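Heads up: the structure comes next, in structure tokens.
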Amino acid sequence: MKYNFLLPTVAVVAAAVAAVASDGCSSSYTRLPHGQIPYENDGGCFFCAKFKGSSFPIDFGDLSDNCQQMCDNDPKCTAYSISREASLHAHEYYWGSTANCCLEREEYPPETYIDAQNGGDEPNICEKEATCWTRYEQDAGKCDKTQKKSKLCSPVWKARKFTDEKIKEHVDFIKKGCNYKDKKFESMLDEAYQQCKAEIEAEPEEVQQKARHNTDGQRSAWVAHGVFGAITFGVLSPLSTFSPSFPNSIPTDAYTAIHVTTFVLTFVTVFIAFNTKKGLVDNGDSGAKEKHQIVGLTLLLLISLQTLGSMHREGKSSLKQKLITAAGFIVFGFGVYEVTSGCFLFATNYNTVYWGQVYLGYICWLILMIAGGKLAMKYYQGGRTRTKYTQVHTKAFELT
């Protein structure tokens with residue numbers, strides 16, 4: 001049947017709506033400076049491995065995402081901390097087990113927090129140990145849903161509640177510089193501190209290289225997504241929207257072909273976006289990515305209906321044709337927003353040039369050209385009418 005193209009649309013839109021809802025529900029976190037952590041981890045601790053069942057710790061660059069999943073999975077979790085690999089051997093020696101991901105539930109007195117920056121060039125044992133940890137605080141508005149936990153993180157210490165007596169004991173321990181009374185352990189912590197400090201000092205360049213390496217593929221996919229979107233909403237959508245204004249210039253078959261092509265390219269752009277939706281984050285505008293996705297799905301549905309209506313083109317004055325034209329103007333407006341918001345997300349995510357203003361300039365030029373063409377056509381038709389009237393009037397005069 002000729003309407004079978006709508007079936008994959010419904011499937012993709014339904015799957016994408018579920019994905020957007022799921023993706024948009026994850027909580028956001030603020031990363032604190034290295035070495036600012038609490039001594040209490042009442043949400044439990046986990047060991048996140050390279051692969052399930054492995055004894056090798058996961059890379060530090062991937063650790064945060066997996067530990068965040070564990071926090072999102074715990075409705076009471078308010079923050080999480082992750083440890084660099086250098087300190088794990090010392091912890092295993094002293095505690096008998098090691099963890100690189102710990103969760104927090106309740107807020108404890110400020111005295112239970114350690115700041116490695118306070119030690120300066122001569123940090124105590126507490127501050128040396130804290131240097132290897134990085135803490136992420138949950139922002140306001142935690143997701144109500146319980147998210148899936150990471151399959152790479154296994155429990156080491158269960159969640160527990162600290163009594164006032166235990167908290168006071170920990171505060172006294174911190175005030176004394178965390179004297180573990182184990183020279184070997186303190187020596188191991190000192191070695192870990194030196195290594196973690198060196199990693200932190202070298203981190204900016206390493207993080208940039210890792211980010212470039214991990215995002216090359218997604219960046220190419222998003223460039224393709226943007227190119228398809230610009231062609232769809234910068235060329236095809238205006239053609240399908242404004243073609244009724246030039247009824248004698250575009251044949252019915254071409255009119256339908258333009259709508260079908262617009263639909264296909266919109267389907268492709270949504271498909272690419274759906275498969276790379278985690279490639280862009282909300283930088284500079286909270287919720288910008290979710291808005292972009294929702295508008296994209298709305299456009300796909302509107303263009304589907306518009307394409308279906310174009311297959312039964314009726315007179316310009318018919319109600320159906322007016323609705324299709326109105327839908328076209330909505331698609332055109334939403335399309336402009338979609339391309340400019342996509343340019344914003346891409347520019348902020350990859351720290352590159354914002355092309356949205358260039359696109360808006362092109363759209364303004366396009367509207368002026370269409371308006372000019374419409375006026376020229378009216379003038380041309382008016383001229384032809386006047387010429388025909390003059391010819392008829394002259395012929396009538398000759399006959400009399």
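The values are calculated or read from the model by the stated rules, or taken from the named source; none is laboratory data. Values in this document were obtained by computation on a predicted structure and should not be read as measured data. Positions of Cβ are generated from backbone atoms using ideal geometry, with glycine treated the same way; all protein chains shown enter the neighbour counts. Surface accessibility is based on the protein's heavy atoms, side chains included, excluding ligands, DNA and RNA. Shrake-Rupley method; radii C 1.70, N 1.55, O 1.52, S 1.80 Å.
Descriptive notes on the structure:
- Surface composition of the stretch 73-158: carbon and sulfur make up 46 percent of the accessible area, probe 1.4 Å.
- Qualifying chymotrypsin sites (Phe, Trp or Tyr not before Pro) in the stretch 61-113, where qualification requires a DSSP coil assignment and no more than 15 other C-beta atoms within 10 Å, are lacking entirely.
- Heavy-atom accessible area per residue - the stretch 54-161, 1.4 Å, Å²: 53
- Long pairs among Lys168/Lys197; Lys149/Lys197; Lys50/Lys151; Lys128/Lys184; Lys161/Lys181, criterion Cα-Cα beyond 20 Å: Lys168/Lys197; Lys149/Lys197; Lys161/Lys181
- Loop trypsin sites (Lys or Arg not before Pro), the stretch 32-133, which have at most 16 other Cβ atoms in a 10 Å radius of their Cβ (DSSP): Lys50, Lys52, Lys76
- The stretch 96-182: relative contact order in percent, alpha carbon pairs under 8 Å with at least 6 residues between: 40
- Amide proton proximity set for Ile37, modelled H, under 5 Å, gap of 5+: Ile114, Ala116
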